Amino acid sequence: MSTFAIAQPKTFEKASELVRSGRYTLPQLKGAGLDILDHVKEGLESPDLLVNLAGAREPSRAPVRVEGQTIRIESGATLAQIAESADILRLAPVLAHAVGNAATPAVRHVATAAGNLLQRPRCWYYRNHQFECLKKGGATCFAVEGENRYHAIFGPGPCHIVHPSNLAPALMVCEGQVHVIGGQRASLPVAALFHTPDKGIRSEHNLEPGEVITHITLAARPASGFSAVKEKQSFDWPLAFACASLDIQSGVIRSAKVCAGAVAPVPWPLPAVEAALAGAAADDDAAIMAAAALAARGAKPMTDNAYKVSLLKAVVRRAVVKATGRTPEGLA
Ligand SMILES: Cc1cc2nc3c(=O)[nH]c(=O)nc-3n(C[C@H](O)[C@H](O)[C@H](O)COP(=O)(O)OP(=O)(O)OC[C@H]3O[C@@H](n4cnc5c(N)ncnc54)[C@H](O)[C@@H]3O)c2cc1C
Ligand code: SF4
């Protein structure tokens, strides 16, 4: 294992300066360190400096708070703090349930919001240092002819990872914004935070080195829902999941935002589903099922993951029904 220095800056500005100083070859920011230290242990990354952000947070600032119509989440808020926040449960249940469904209680109690967004993909070829795949500068995507049952059914290739964050698709349906320091901008929409592999295969996000996420904001979306299917309920990443938020007036869905997770290299918006939901009665299950059936439009499953197509339609239907305030048939 490589050795590295650890810095404990007191502010996000100092953290950003350290990364941009040029004094280190491979400086890395560290939230709780779950993913970054996994990379070091597996020999996938060899940073010479870890910049621990734990001390850069304002201790008196609540990890989650409501400011008018906006909800503010500190970048160092843990997934548990988000999932258990009464404000988030009331104003954006999709977010509470998405992060409450991620990982294990032990992970959720330390994993940070920013680290969750920027965690690297779970592709088993990527995670194994013996496979020098396209993402690591090699010539081949081993998933194409290899084991691809957990890979993407959407996206342009040539890498077929699925985006690993539960938080990102939930933020997508709540107009999530990521606030940053250390670069040319103050904030960017969550939708602009990530790029598909054809726009850059070695990384998944659009932050510049030294850009530090300070906090996240989102709009209140009380009519919102989340649904996921996992192989093992207790701790697996989902096989497919969906987040939905609805604007319902007088029992009619005026507009909808629906985003899928674990099916594409980025959080995957479903505009055909959103368009089909607009104008439907919120209790019209046939219309919701017909809209959910459009979720698979454009899907190109690989050799072993066509099963995700039917899972996707099911989780989209369930997420939308939950967003209407009802419990989908067959679910507790
Ligand atoms: C058993 C298990 C199951 C899991 N299941 C799920 C799941 O179902 N869903 C899910 O979403 N996740 C799951 N995870 C992943 C886990 O949620 C992430 O590893 C965790 O959220 C990473 O957060 P962290 O604070 O430890 O990030 P770190 O490892 O500290 O950082 C991750 C990345 O983010 C960058 N970073 C961190 N903070 C900032 C910042 N403020 N500004 C800019 N860059 C920053 C780091 O440089 C690094 O590149 C699981 C993990 C385990 C171990
Ligand atoms: S899907 Fe991406 S990360 Fe996985 S083997 Fe292919 S190129 Fe590598």
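We did not get these values from a lab; they are worked out from the coordinates using the rules stated. No experiment lies behind these values; they were computed from the predicted model shown. Positions of Cβ are generated from backbone atoms using ideal geometry, with glycine treated the same way; all protein chains shown enter the neighbour counts.
By counting other Cβ atoms within 10 Å of each Cβ, how are V144, V252 ranked from fewest to most?
V252, V144
Among residues other than A290 whose Cβ falls under 12 Å from its Cβ, what is the net charge (Lys/Arg +1, Asp/Glu -1)?
Net charge around A290: 0.
Hey, with R₀ at 25 Å, roughly what FRET efficiency would K300 and H195 work out to, going by the Cβ-Cβ distance, to 0.05?
0.85
Where in the chain are the helices, taken as whole DSSP H runs, whose Cα atoms extend 24 angstrom or more along the long axis and whose Kyte-Doolittle mean reaches at least -1.0?
For the chain, where a helix must reach 24 Å along its axis and average at least -1.0, the hits are 307-323.
What number comes out for the charge environment of P238, summing +1 per Lys or Arg and -1 per Asp or Glu over other residues with Cβ under 14 Å away?
+4
Just tell me which lysines come within less than 24 Å, Cα to Cα, of K199; anything on the same chain fewer than 8 places away is out.
Filter leaves K135, K136, K300.
Using the Karplus curve 6.51 cos²θ - 1.76 cosθ + 1.60 with θ = phi - 60°, what ³J(HN,Hα) values do you get for each residue of the range 142-159, in whole Hz, with x for Gly and Pro?
Values per residue, Gly and Pro as x: 5, 5, 4, 9, x, 8, 10, 5, 9, 8, 7, 10, 10, x, x, x, x, 9 Hz.
Which percent, nearest 5, of DSSP beta bridges in the chain are antiparallel?
80
What's the local net charge at I153, with K and R +1, D and E -1, over the other residues with C-beta under 14 Å away?
Taking every other residue near I153 into account, the sum is +4.
Could you work out [θ]222 nm for the chain from helices alone, using -39500 (n - 2.57) per DSSP H run of at least four and dividing by all its residues? Round to the nearest 500 deg cm²/dmol.
-7000 deg cm²/dmol
Just how large is the dipole of the chain about the Cα centre, in debye to the nearest 20, putting +1 at every Lys and Arg Cβ and -1 at every Asp and Glu Cβ?
Dipole of the chain, to the nearest 20 debye: 100 debye.
When only C-alpha pairs under 8 Å and at least 6 residues apart count, what is the relative contact order of the chain, in percent?
It comes to 17 percent, rounded to a whole number.
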